[in-house]
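Here the structure comes first, spelled out in structure tokens, and everything after it is commentary.
The values are calculated or read from the model by the stated rules, or taken from the named source; none is laboratory data. Keep in mind it's a predicted model, so treat the numbers as computed, not measured. Don't worry about glycine lacking a Cβ; one is built from the backbone with ideal geometry, like all the others, and counts go over all protein chains shown.
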Amino acid sequence: MNDERHHAPATLRNREPILEALKPILPARGLVLEIAAGSGEHAVYFGQRLPALTFQPTDPDERSLRSVAAWIAEAGVTNVRAPIRLDAAAQDWPVKAADAALCINMIHIAPWDSTLGLFRGAAAVLPKGAPLYLYGPYIREGAPTAQSNLDFDANFLRARNPAWGLRDLGAVTDVARAAGFSGPVVTEMPANNLSVVFWRA
């Protein structure tokens, strides 16, 4: 039988630091919506370690959805729901309510419309005071951008798709505020990444 699980090497490096960043901001109970779940490794890892929460992984890609389902089945976790198709840029999301939302390593590997849709959709499904957690590399005014991030931006992201690229955190914050979020609360993470938390105002 074919193993549909995909492995994202970065997950092994970042899942524990992300988990530690999530623990203080996630509710004690409720539904956590993950946008762009990718391989599904994060959803399963977080689900195993935060058993009082329910995780709903989503992704627009069929191959990723199969990988998420395979990871859930292999791990036997009962608090991670079956993945569903969700395109962050879509006007209407299939999930209508959640208590928190996560989006890890999507904004720079997607067109800008996906960032606009992410905040629009999250504002529609999250209650006041709920967190939207983002993780990934950003450009920040007044802060030097690591050369490795600049090389990644030019040689991998924009070379593969001109609509992709590292985003300016100030521009992302403007979108967040326009959609009804506060923030951001920024934490430095390993490998020149950031945890960025916006709260539904």
With the requirement that a residue be touching a residue at least 60 places away in the same chain (Cβ under 8 Å) and either within 25 Å of residue 112 (Cα to Cα) or buried (at least 16 other Cβ atoms within 10 Å of the Cβ) (or both), what does segment 67-80 give you? 67, 69, 70, 71
I need the full set of residues from segment 89-102 which are buried (at least 20 other Cβ atoms within 10 Å of the Cβ) and either without any contact (Cβ under 8 Å) to a residue 24 or more places away in the chain or among the small types (Gly, Ala, Ser) (or both), in order please. 98, 100, 101
When residues of segment 57-90 are filtered for being charged (D, E, K, R) and under 20 Å from residue 107 (Cα atoms), how many remain? 6
Could you count how many residues in segment 1-35 are acidic (Asp, Glu) and assigned to a helix (DSSP H, G or I)? 2
Tell me, yes or no, whether segment 100-108 has at least one residue that is in a loop (DSSP other than H, G, I, E, B), among the β-branched types (Val, Ile, Thr) and at pLDDT 95 or above. no
Considering segment 47-97 alone, what residues qualify as being within 14 Å of residue 32 (Cα to Cα) and in a helix (DSSP H, G or I)? 47, 48, 49
Residues 48, 91: which one is of a type in the set (S, T, N, Q) and more than 23 Å from residue 16 (Cβ to Cβ)? 91
Quick one: what pairs do we get from segment 170-184, first residue crowded, with 18+ Cβ neighbours inside 10 Å, second assigned to a helix (DSSP H, G or I) and among the charged types (D, E, K, R), C-beta under 6 Å, 6+ apart or different chains? 179/120
Of the residues that make up segment 177-193, is at least one over 21 Å from residue 20 (Cβ atoms) and among the aliphatic types (A, V, I, L, M)? yes
Return yes when residue 28 is touching a residue at least 12 places away in the same chain (Cβ under 8 Å), of a type in the set (A, V, I, L, M, F, W, C) and either more than 27 Å from residue 129 (Cβ to Cβ) or in contact with a Ser or Thr (Cβ under 6 Å, 6 or more places away or on another chain) (or both) and no when it is not. no
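Let's see how each residue does on (1) modelled with pLDDT of 95 or more; (2) surrounded by fewer than 17 Cβ atoms within 10 Å (Cβ to Cβ):
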position	(1), (2)
82	yes, yes
87	yes, no
114	yes, no
122	yes, no
128	yes, yes
139	no, no
146	no, yes
Could you please let me know if residue 195 is surrounded by 13 or more Cβ atoms within 10 Å (Cβ to Cβ) and not assigned by TED's automatic domain parsing to the domain that holds residue 32? yes
Looking only at segment 103-112, decide whether some residue is outside the structural domain of residue 61 (by TED's automatic domain parsing), free of Cβ contacts under 8 Å to residues at least 60 places away in the same chain and crowded, with 18+ Cβ neighbours inside 10 Å. yes
Can we say residue 58 is touching a His at 6+ places or on another chain (Cβ under 9 Å), closer than 25 Å to residue 165 by Cβ, surrounded by 15 or more Cβ atoms within 10 Å (Cβ to Cβ) and of a type in the set (S, T, N, Q)? no
